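Heads up: the structure comes next, in C-alpha cells.
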C-alpha cells in the first residue's frame, strides 16, 4: 500500500481495490455511534454493508429498518429482528468476572474510520464508502453508499443518477465539514475491480 498523504485527506493505492481517495473521520465511540445510528436508522434502504477483505466481500441490504441500534460495552449492535450484527467501536471492558485484557481491547475497537471513494484509472470516482478498521487494520465494516452507476437491482445503470450522491454529500458536510465536490460527478462509467 503506497501512502501519499495520511490525514485528514489521503490517496492510497490499495492492491486489489485500486486507488482510494479518502478522509479520516473522528473514530471516537460517541461520534461513530452517531454516524452509524444515522446510517442504519435513517438510510437503511439506501445502503449496502458488510465486510471487505482480500478474497471476500459480504454485501447485505436490509429489507426493513432495524428494530434497534444500541451500544453496550463498546459494541454497536444493529438488530433487524431476525438477524443482527455487532461492531466494536469503543472500549470493551468485559465483565468483572471476565475483564477484557487491554491488548485485546486495542485490537477489537475501531482504530480507523474513513469516508472513501474508489477512483477509476482516469482518476474519476465510481464508488463511495464508509470504512471501519480494528486495531490490527482489519476491515470491521464497509458501508457502500448509493452509487449513481448502480441500479436498485444491483445492475450497471445506462446513465448515472447523480442524485444518489446526496447521502455522500450529506456525510461529507456533517462529519467532515466539506461541501459537495464536483469531482464526484465526473466519471463516465463504473469501473469494477
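FYI, it's all coordinate maths here, none of it is from the lab. For clarity, every value in this text was computed on a predicted model and none was experimentally measured. Backbone-built Cβ (ideal geometry, glycine too); neighbour counts: all protein chains shown.
Taking the fewest neighbouring Cβ atoms within 10 Å as the starting point, the ordered list for 156, 47 is 156, 47. Placing a label point 7 Å from the Cα of residue 86 along the Cα-to-Cβ direction, the residues of region 100-120 whose backbone N falls under 20 Å from that point are 100-112.
For 52, 154, what's the fewest-to-most ordering of other Cβ within 10 Å of each Cβ?
The order, fewest Cβ neighbours first, is 154, 52.
Residues of region 20-40 falling in the label zone of residue 174, defined by backbone nitrogen less than 13 Å from a point 7 Å along Cα to beta-carbon, are 31-40. Quick one, which of (1) 130; (2) 190; (3) 114 is the actual volume of the Cα convex hull per residue in Å³ calculated for this model? Checked against the structure: label (1).
FRET efficiency for residue 107 and residue 181, Cβ-Cβ distance as r, R0 = 30 Å, nearest 0.05? E(calc), rounded to 0.05, equals 0.30. By the count of neighbouring beta-carbon atoms within 10 Å, fewest first, 19, 57 end up ordered 57, 19.
Helix 29-42 and the long axis of the chain differ in direction by around 60°, with both axes built from C-alpha atoms. Where only DSSP H runs of four or more residues are counted, the chain gives -4000 deg cm²/dmol as its mean residue ellipticity at 222 nm, each run worth -39500 (n - 2.57). A straight chain from residue 70 to residue 26 at 0.36 nm per residue would run longer than the Cα-Cα distance by 13.9 nm.
Of the candidates 54, 45, 30, which one comes out as most mobile in a Gaussian network treatment of the chain with C-alpha springs shorter than 10 Å? It is 54.
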